[in-house]
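Enquirer: Please see the structure below; I have some questions.
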Amino acid sequence: MTAKLNHTIVAARDKEKSALFMSEILGLPPPVAFGHFVLVTVGDELTLDFRDKAGEIVPQHYAFLVSETGFDEIFARIVARGLDHWADPGRQRAGEVNRWDDGRGVYFPDPDGHLLEILTRPYGSLGMSAEHPHPLVARTLQTGGGGAD
C-alpha cells in the first residue's frame, strides 16, 4: 500500500492573508475558499488548508523542494519583500543561503511565525559524496550514527 500526503491544516491569525502570502511567495495558484478553510495547492494533489486560530499559534516547519529556477524566483520575492532569511533552521546564519548536498536552501518566516524552507536537493541525497554535505549526514557518518550528540 502506498500512502501520499493529501493535505495538512495550517493555523493562522488571518487565513486569507496567510494563504495569499504562501501562494504569492511560492508562485502557486491563488488560494481557494473551501468551507471554513482557505486552500493553497502545492504540486498535483497536496493542499495546505489554512484556518483561523484564536490565541497562540505554535510555529510549524514547512519545506518545499523546488527547481533551481524556482529557487531563484522565490528567493527574489523573499528579498523583494525584505523578509528575514537564514541558511539554517536554527537561524544562526542570517542573510545566507546554504549549499547542502550541492544544492541551495533557505529558511524564512510566514506572517504567523511558521518557518518555511525552499531547497533544491533533498538533504542527505548525496551523502558524503557532496562537496557540501549536509551537516547531519556528515556527523552521522563520522560518529557511526549511534547515540545523541
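Enquirer: Taking strands (runs of 3 or more DSSP E) that fall entirely within region 1-97, which contain at least 2 residues that are out of contact with any Leu (no Cβ under 9 Å at 6 or more places or on another chain) and crowded, with 16+ Cβ neighbours inside 10 Å?
Expert: Those strands (runs of 3 or more DSSP E) span 7-12.
Enquirer: From the list 74, 9, which one is within 15 Å of residue 117 (Cβ to Cβ) and within 17 Å of the chain's Cα centre (by Cα)? Give the derivation first.
Expert: Numbers: 9 fails: within 15 Å of residue 117 (Cβ to Cβ).
The match here is 74.
Enquirer: Looking only at region 98-113, filter to residues that are crowded, with 21+ Cβ neighbours inside 10 Å and out of contact with any helix residue (DSSP H, G or I) (no Cβ under 7 Å at 6 or more places or on another chain); which one of those is nearest to residue 17 (Cα to Cα)?
Expert: Selected residue: 107.
Enquirer: While we're looking at this one, here's another question. Between residues in region 107-135 that are of a type in the set (D, E, K, R) and residues that are modelled with pLDDT of 85 or more and not in a loop (DSSP other than H, G, I, E, B), which pairs lie under 6 Å by C-beta distance while being six or more apart or on different chains?
Expert: 110/21; 110/116; 112/12; 112/18; 117/63; 117/107; 121/101; 131/102
Enquirer: Give the residues of region 80-119 that are touching a Gly at 6+ places or on another chain (Cβ under 9 Å) and either at positive phi or at pLDDT below 95 (or both), sorted by residue number.
Expert: Across region 80-119, the qualifying residues are 100, 101.
The values are calculated or read from the model by the stated rules, or taken from the named source; none is laboratory data. The structure displayed is predicted, hence computed values, not measured ones. As a convention, Cβ positions derive from the backbone with ideal geometry for all residues, glycine included, and neighbour counts pool all protein chains shown.
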